[in-house]
1. Just one of the numbered conditions (1) exposed (fewer than 14 other Cβ atoms within 10 Å of the Cβ); (2) modelled with pLDDT under 95; (3) under 17 Å from the mean Cα position of the chain (by Cα); (4) assigned to a helix (DSSP H, G or I) is not true of ALA33; which one?
2. Restricting attention to segment 121-144, does a residue exist that is at pLDDT 95 or above, in contact with a Phe, Trp or Tyr (Cβ under 9 Å, 6 or more places away or on another chain) and among the charged types (D, E, K, R)?
3. Which pairs do you get when a residue that is in a helix (DSSP H, G or I), found in segment 105-134, comes within reach of a residue that is of a type in the set (Val, Ile, Thr), reach meaning Cβ atoms under 9 angstrom, with the pair 6+ apart or on two chains?
4. Of (1) surrounded by 14 or more Cβ atoms within 10 Å (Cβ to Cβ); (2) under 19 Å from VAL159 (Cβ atoms), ASP81 satisfies all except one. Which?
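The values are calculated or read from the model by the stated rules, or taken from the named source; none is laboratory data. Because the structure is a prediction, the values reported are computed rather than measured. Positions of Cβ are backbone-derived with ideal geometry, glycine not excepted, and every protein chain shown enters the neighbour counts.
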Amino acid sequence: MTCGQASASIWRAGWKAVALLLGLATSLVSYPAAAQTGKASEKAHAKPANLDRNGVLILTRGTLLALDQANKTGNYTVLRDLGSASFQNKSASDLAEIFAAQRRQMLDFSAVAALEPQLTLLPQTEPNGMLHMMGFFPSAPLQINFELLFEPVNRQWKVYGLAVNLTPGGPQAPDKPAAEPAKPVDAGPPEPPSTAVGKKKAALAKP
């Protein structure tokens, strides 16, 4: 499988997961399209969330590291317990099935512990009260992309839905090493010109 095919497969698996978690349409593109474009009425009512940089770091890192540990151990109990009541409608076994593709591919999201997320959708409060944000962690050679929804529960943001996938990112190594320029041949120092011809002429000039 090529890198592009693997990335496409991971992308589809990630959005399938978020569609199942949110109980939305089973189409793999229905939720991302709605999240990025949305209806005009929803756009008009969505507003910037009161969330600073530290809040973004805590929510994104905490959620994605919990998913990473769940994928690596096969135990999704902690990830489930971090979610809202709606999220917890899915059992740990359900979550294990949803993220089975990521687990089989042994994806590693641990880089989020050291990197800072770059947001493509700043934290905003949707009309239904959900906190919504999108972005990526600029890791290499694969970039970690995420979309997260949180539900307010007892003055805390609890996971309601998430999607994570990897796509090529950062500087890419060339497929083939560049050909080295040909080195000049060292022929050594030039030999001094021969004086045999001059000597021969001088000999012929004698009487």
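1. (3)
2. No: segment 121-144 contains no residue that is at pLDDT 95 or above, in contact with a Phe, Trp or Tyr (Cβ under 9 Å, 6 or more places away or on another chain) and among the charged types (D, E, K, R).
3. As it stands, the answer is ALA111/ILE144; VAL112/THR60; VAL112/ILE144, since those pairs meet every condition given.
4. Tallying (1) surrounded by 14 or more Cβ atoms within 10 Å (Cβ to Cβ); (2) under 19 Å from VAL159 (Cβ atoms), ASP81 fails exactly one: (1).
Yes/no matrix, rows are residues, columns are (1) at pLDDT below 95; (2) closer than 20 Å to ASN145 by Cβ:
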| residue | (1), (2) |
| --- | --- |
| THR77 | no, no |
| ARG80 | no, no |
| GLY83 | no, no |
| SER86 | yes, no |
| ALA92 | no, no |
| LEU95 | no, yes |
| GLN102 | yes, yes |
| ASP108 | yes, yes |
| ALA111 | yes, yes |
